[in-house]
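Working notes, structure below.
What follows is calculated from the coordinates using simple rules that are stated; it is not laboratory data. Keep in mind it's a predicted model, so treat the numbers as computed, not measured. Because the Cβ atoms are built from the backbone with ideal geometry, glycine has one as well, and the counts that use them run over all protein chains shown.
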Amino acid sequence: HDFEQMMRDGGFRPIVFLPHALWLAFFLMTSVVALMALARAEKGPQRARALLAGIYLLGVLVLCKSLASMLYAMALVPAVLFASERAMVRVALLMAVVAVVYPVLRGNGWVPVDAILAQAEAFNPDRAQSLAYRFNNETILLERAQEKLLFGWGGWGRNLLHDVTTGRILTIPDGEWIIVFGTFGWVGYLSQMGLLAVPVYMMWRHLPRRKTGDTARGARYGGVVTLLLAITLVDMLINAILTPFTWLVAGAVWGRAESYLRADGDEEAKAPMTRQPLPTALQRDVPKKRRTVL
């Protein structure tokens, strides 16, 4: 990446040992959300420690100068502190569905790009210019991807637009979705995004209505981790943020959903079998046993 991307608001954005400053900001955002979840679940001194650590990392997140990660934190922290697990999973499912069908929304003009840019312009003109650059490149790359919708253009940069004379690359993709969609088409896009979204659906599908025993303890963090996976899918629409940690979180969510499914099966197996009475019409046809009087 260009070092100019690390310069922001008269200073620099930290990158540490990650490929980009946006990765660091997103990692800190997930840390803040996780600490707030711990603060809600724990009691006594441990709750105070988690809350103080979360506030401290929130300050570090501000220093990372990433607007998207700050907005994610502002949206997720109240949800983690006050919402129920079922509400968090429902919101996560909505975000996952939007991420999966985003090429359809973007291709048909159903994404309010102009309204988003107007809001960004009112907040920060520099951020609005950067966002407009991303949207313009997405439009060009999406038009090229539509030429090979099923399997895409393949590798070696054939999904990008090149100068016919010099061969110089004219477009720069930012979002993970347009990179995958242009390279591998709908097959590759659904294989990747769908595989990441299925655990969210499984969590919503098998979330128990009543929590007892192990399910009650797991409910402290199941919805939080599902939200973190869903917000990663949303961020992949504007940044190439897919990391091995994302696959780890997806596996954790799926495993939690499977544990809920097994718990439901065990409860059904332990439920007592009750004999249902026969309907009145059938009772008339049942012969009565003759009593013998001695």
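Data table
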{"item": "Pairs of alpha carbons in region 11-82 whose separation is greater than 21 Å (percent)", "result": "25"}
{"item": "nm² value of the averaged projected area, convex hull over the Cα atoms of region 83-270", "result": "13.2"}
{"item": "By average C-beta atoms within 10 angstrom, highest first, the peptides 163-173, 148-158", "result": "148-158, 163-173"}
{"item": "³J(HN,Hα), Karplus 6.51/-1.76/1.60, whole Hz, each residue of region 135-147, x for Gly, Pro", "result": "5, 5, 5, 4, 4, 5, 5, 5, 4, 6, 5, 5, 6"}
{"item": "Phi to ³J(HN,Hα) by Karplus 6.51 cos²θ - 1.76 cosθ + 1.60 over region 83-94, Hz, x for Gly, Pro", "result": "7, 7, 4, 5, 5, 5, 5, 5, 5, 4, 5, 4"}
{"item": "Long-range amide H partners of Arg8 with built H, under 5 Å", "result": "Arg13"}
{"item": "Nonlocal amide H pairs with His162, under 5 Å, H built at 1.01 Å", "result": "Leu170"}
{"item": "For region 83-270: relative contact order, % (alpha-carbon pairs under 8 angstrom, 6 or more apart)", "result": "29"}
{"item": "Amide H partners (placed H, <5 Å) of Trp153, local residues excluded", "result": "Thr183, Phe184, Gly185"}
{"item": "Residue-wise HN-Hα coupling along region 29-35, computed from phi with Karplus coefficients 6.51, -1.76, 1.60 (Hz; x: Gly, Pro)", "result": "4, 5, 5, 4, 4, 5, 5"}
